[in-house]
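Notes for the one structure printed next.
The values are calculated or read from the model by the stated rules, or taken from the named source; none is laboratory data. From a predicted model like this one, the values you see are computed outputs, not experimental measurements. Here Cβ is always computed from backbone atoms with ideal geometry, including for glycine, and neighbour counts include all displayed protein chains. When the accessible area is computed, the model is the full protein with side chains, heavy atoms only, and any ligands, DNA or RNA have been set aside. Shrake-Rupley method; radii C 1.70, N 1.55, O 1.52, S 1.80 Å.
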Amino acid sequence: MMSLPLLRRLSTRTHLALGLAAMAVGVLSLATWLNLVPDAEVVTRRHRAALAETFAIATSSLIEQVPPEALRDTLAFMQARSPDLLGVGLRAADGTLLVDLGGPGLQSELTASTASTDRVVTVPVWQNGEPWGNLEMRFAPLRDEGWRGLLQDPSLRLSAFMAALCLPLFAFYLRRMLRELDPSRAVPSRVRAAYDTLTEGLLVLDAQGRIVLANKSTSLMLGVPDTRLVGQSPSSFEWSDADHQAIDSDALPWSQALESSQLQRDRHLHVRSADGTLFTLRANCSPILAPDGRLQAVVVSFQDVTELEQRGVALRVAKEQADAASQAKSQFLANMSHEIRTPMNAILGFTEILRRGGMRQADEAGKHLDIIHSSGRHLLNLINDILDLSKVESGRLEAERVPVAPHLVVREVVQTLAERAAEKGLSLTIDYAQALPPQIEADAARLRQILTNLIGNAIKFTEQGGVNVRLRLAAQGEQTRYCIDVQDSGIGIAEDKLEAVFEPFVQAEASTTRRFGGTGLGLTISRGFARAMGGDIVASSQPGQGTTFSVWLDAGQIDPDTLLDPAALGAAAVVPAVATGITWKFPPRRVLVVDDGVENRQLVRVLLEDVGLQVLEAENGQVALDRVASESFDLLLMDMQMPVMDGQTATRLLRERGCTLPIIALTANAMKGFENELVAGGFSGFQTKPIDIDALLQDLAQRLGGEAIEQVTADPVAPALLTAPVVEAPIVSRLAGHPKLGHIVARFVAQLPDKLAQMDAAVGRSDPGELAALAHWLKGAGGSMGFDEFFEPAKALEDVAQSGDMLAAVAVMDLLHALEQRIVQGHASLQLGTVETVG
């Protein structure tokens with residue numbers, strides 16, 4: 001018997017042909033059972049019964065005339081005349097077998113059963129009206145034994161013949177008839193072709209809900225050929241709602257349209273096709289009514305919105321992620337506001353105290369300057385964190401692989417942070433757990449920053465106890481890891497937040513930020529550094545019992561003979577830091593300063609001439625090329641962004657012409673990794689703006705043979721301060737009191753109104769190129785001349801000019817004019833290093 005799924009896969013024509021063939025076979029079987037159809041076996045049985053009776057009559061007649069032995073010849077003659085008669089026996093009433101013409105086979109069959117069968121027939125023989133005995137006859141079997149005999153059943157063979165003949169005949173007949181009766185043939189072929197080109201699925205249902213017409217799109221959605229859809233109900237497929245819950249057949253839109261004769265619009269459904277694909281469809285069902293109001297059919301249209309739903313899901317996920325990122329960054333901005341305002345408050349407050357001369361003791365100026373310097377360094381670290389994070393997120397973070405002594409880096413960081421730990425009453429220790437290699441391949445600067453972050457965090461979040469830094473080796477497969485564990489006894493981190501703390505702008509709890517501060521960037525950047533070096537950082541913690549952050553790096557091949565035992569590691573000396581408070585003396589070398597800012601060139605000239613160098617100037621790269629071609633120099637300081645020819649182009653052309661002079665780039669690009677681009681461009685090194693004077697002089701000393709001279713530290717002398725009361729604080733250059741730079745600052749102040757007027761004119765004629773060039777000049781000159789207030793507005797003006805946003809440029813110009821008025825309204829006249837307040 002066919003299974004239900006197999007029957008469902010058969011076409012309607014095949015279903016009908018099978019049903020009709022079954023009906024024909026059933027009628028034939030009934031006729032056979034009623035003996036309306038001749039049966040050869042029945043005829044044979046009757047013939048054998050008649051033959052047995054004839055033999056019995058003949059034997060009864062002869063047995064009265066001749067002895068039984070004489071009957072053998074007569075019976076043998078009669079047996080020979082009947083081919084299917086295999087044996088004959090004559091048995092007396094006492095059971096004695098008088099005649100046996102069938103051999104032992106007849107004897108065994110007669111002994112097994114005395115009743116007549118298809119093979120053995122027993123007939124009584126009479127003598128003188130009295131029973132004398134039996135005539136026993138064995139015939140050939142009508143069928144074979146077992147399944148062969150079953151197949152030889154005439155009724156079964158006749159039924160099989162009828163089924164085999166009727167099924168193809170009925171199928172052929174039904175194909176012709178159904179083709180003529182197919183409702184879809186009522187649709188012209190050109191209209192049907194148009195239906196099949198539609199991307200929407202179309203179904204026409206009759207009043208009973210059966211499909212009478214389906215187009216190709218519906219066939220593709222349901223995964224069933226359109227010819228096999230005819231006659232089925234669309235409710236037989238797996239339908240579900242928007243929540244993927246199964247829908248009862250009565251709740252399907254076409255079922256409701258059939259029941260209510262009302263239009264069903266925009267019903268969103270899911271259907272799983274025959275091949276398992278899940279589709280999202282938007283269904284519309286339109287009833288077709290007869291003039292008397294009776295429902296004739298329902299037209300169902302399906303619009304495939306699977307891709308739209310997938311996009312909607314993706315958009316929802318993206319929105320949730322964006323909301324989470326926005327919330328995290330909003331929290332970050334709040335943290336940054338706090339982090340930046342704290343040092344800025346100290347910087348501005350102590351600067352104002354110095355400017356107003358509000359000091360009670362002579363040595364307070366130095367303390368105030370130290371606080372300002374420390375706060376400025378803190379701000380610089382915040383900016384560096386943000387810049388490093390951008391490198392981590394963009395995947396462009398790079399790390400060196402050079403020999404590094406991790407135990408020395410650890411000791412250096414611990415010594416740097418020891419005072420901070422002591423201020424909180426915490427212990428800060430180093431634990432050398434085992435013998436360690438003296439060096440591994442890593443990036444010392446990155447490792448130092450990682451340890452500073454980890455140990456600094458441990459101190460920040462620990463109130464009692466201490467911090468222990470443990471160094472050890474660990475085997476991981478065939479790799480040996482150099483591990484540094486930073487263990488604290490602080491507040492701890494919940495287990496479900498251990499990975500979250502490595503995400504940018506995130507701390508374990510919002511209350512942690514309010515209590516301890518921080519930007520939430522340190523761990524993100526530290527893990528990025530560790531992974532850039534081929535390692536990683538992992539954390540383990542229990543709330544209230546402390547946290548352990550473990551940074552590991554690849555230790556490479558370990559030579560047991562070179563390992564340092566814990567005692568040797570503890571006794572290792574830390575490389576002393578570069579001494580401060582020194583001056584430099586240079587031989588009379590010639591240095592060409594290439595910068596488009598006059599003030600920048602003059603600032604560098606004063607600084608270098610003070611240490612004995614001879615300085616010449618060039619305002620752009622083209623002038624630098626001409627001067628190098630005609631004059632002799634020992635070193636070039638090259639600005640990057642200049643009109644006519646920028647620093648990169650000038651350096652490339654110099655290298656192509658065979659120039660081997662050291663060329664130092666002066667750049668405002670503070671992104672780590674930018675140095676690789678400079679080296680590839682032919683530069684010998686770089687210095688960032690604003691210029692770090694000590695770093696610049698130290699670099700030049702190595703290249704030009706400068707010598708460091710110890711400087712006798714004198715008691716700090718308070719600079720000249722503004723003593724007159726002011727309503728609005730004037731803007732005064734931090735270099736105004738310098739004996740050699742005062743006139744340069746005064747020149748900048750004098751030409752500032754003209755430069756601002758040129759900027760106004762560029763805005764008025766919508767000339768973004770000229771405006772960007774002037775803004776770039778102000779950005780460099782203002783910072784170099786000590787007017788730091790102009791740096792950010794000038795940078796913003798340069799950015800909006802480059803983007804062509806003249807409306808935004810007007811707003812920035814208003815700010816610059818306001819800053820200019822503060823210089824003028826302060827009535828600060830700068831005369832060769834003196835600051836005089838004019839009432």
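What the table shows:
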| item | result |
| --- | --- |
| Test: residue in the stretch 219-228 that is within 15 Å of Ser301 (Cα to Cα), more than 43 Å from the chain's Cα centre (by Cα), among the aliphatic types (A, V, I, L, M) and crowded, with 16+ Cβ neighbours inside 10 Å | no |
| Criterion violated by Val644 - all others in (1) open to solvent by less than 70 Å² (accessible area, probe 1.4 Å); (2) not in a helix (DSSP H, G or I) satisfied | (1) |
| Some residue of the stretch 660-675 being under 25 Å from Ala773 (Cα atoms), open to solvent by less than 80 Å² (accessible area, probe 1.4 Å), over 42 Å from the mean Cα position of the chain (by Cα) and modelled with pLDDT of 90 or more | yes |
| Test: residue in the stretch 438-448 that is assigned to a loop (DSSP other than H, G, I, E, B), closer than 29 Å to Glu400 by Cα and in contact with a Leu (Cβ under 9 Å, 6 or more places away or on another chain) | yes |
| Extreme residue, least open to solvent (accessible area, probe 1.4 Å), among residues of the stretch 40-66 that are at pLDDT 70 or above and part of a loop (DSSP other than H, G, I, E, B) | Val66 |
| Failed criterion for Ala714 (all others in (1) surrounded by 13 or more Cβ atoms within 10 Å (Cβ to Cβ); (2) modelled with pLDDT under 80 hold) | (1) |
| Helices (runs of 4 or more DSSP H) within the stretch 486-584 that include 1 or more residues basic (Lys, Arg) and either within 35 Å of the chain's Cα centre (by Cα) or at pLDDT 80 or above (or both) | 510-516, 522-532 |
| Contacts under 6 angstrom Cβ, first residue in the stretch 415-431 being over 16 Å from Arg448 (Cβ atoms), partner surrounded by 15 or more Cβ atoms within 10 Å (Cβ to Cβ) and of a type in the set (S, T, N, Q), 6 or more apart | Leu426/Thr462; Thr429/Asn468; Asp431/Asn468 |
| Identity of the residue in the stretch 99-157, touching a strand residue (DSSP E or B) at 6+ places or on another chain (Cβ under 8 Å) and among the hydroxyl-bearing types (Ser, Thr, Tyr), that ends up modelled with the highest pLDDT | Thr122 |
| Contacts under 7 angstrom Cβ, first residue in the stretch 226-247 being more than 14 Å from Arg272 (Cβ to Cβ), partner of a type in the set (Lys, Arg) and open to solvent by 90 Å² or more (accessible area, probe 1.4 Å), 6 or more apart | Asp226/Lys216; Gly231/Arg210; Gln232/Arg210; Ser233/Arg210 |
| Output for the stretch 257-268, where each listed residue is out of contact with any helix residue (DSSP H, G or I) (no Cβ under 8 Å at 6 or more places or on another chain) and touching a residue at least 12 places away in the same chain (Cβ under 8 Å) | Ala257, Leu258, Ser261, Arg265, Asp266, His268 |
| Contacts under 7 angstrom Cβ, first residue in the stretch 546-567 being within 15 Å of Pro403 (Cα to Cα), partner β-branched (Val, Ile, Thr) and part of a strand (DSSP E or B), 6 or more apart | Leu553/Ile440; Ala555/Ile440; Ala555/Thr480; Gly556/Ile440; Ile558/Thr480 |
| Residue match in the stretch 819-833 (condition: modelled with pLDDT of 80 or more, surrounded by 20 or more Cβ atoms within 10 Å (Cβ to Cβ), not polar (S, T, N, Q) and not in a loop (DSSP other than H, G, I, E, B)) | no |
| Residue tally, condition closer than 15 Å to Ser427 by Cβ and among the hydroxyl-bearing types (Ser, Thr, Tyr), over the stretch 457-495 | 2 |
| Residue satisfying condition, being within 30 Å of Thr14 (Cβ to Cβ) and not acidic (Asp, Glu), within set Ser240, Ser286, Ser261, Ser236 | Ser236 |
| Output for the stretch 797-812, where each listed residue is within 18 Å of Met642 (Cα to Cα) and out of contact with any Lys or Arg (no Cβ under 7 Å at 6 or more places or on another chain) | Leu797, Asp799, Ala801, Gln802 |
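Conditions tested, residue by residue: (1) under 20 Å from Met221 (Cα atoms); (2) at pLDDT below 85; (3) open to solvent by 40 Å² or more (accessible area, probe 1.4 Å); (4) outside any loop (DSSP other than H, G, I, E, B).
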residue: Ala242; (1), (2), (3), (4): yes, yes, yes, no
residue: Asp250; (1), (2), (3), (4): no, no, yes, yes
residue: Leu281; (1), (2), (3), (4): yes, no, no, yes
residue: Phe302; (1), (2), (3), (4): yes, no, no, yes
residue: Glu307; (1), (2), (3), (4): yes, yes, yes, yes
residue: Gln310; (1), (2), (3), (4): yes, yes, yes, yes
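Matching residues to (1) outside any loop (DSSP other than H, G, I, E, B); (2) surrounded by fewer than 17 Cβ atoms within 10 Å (Cβ to Cβ):
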residue	(1), (2)
Pro587	no, yes
Asp596	no, no
Gln602	yes, no
Leu607	yes, no
Ala624	yes, no
Ser632	no, yes
Leu637	yes, no
Arg652	yes, yes
Gly658	no, yes
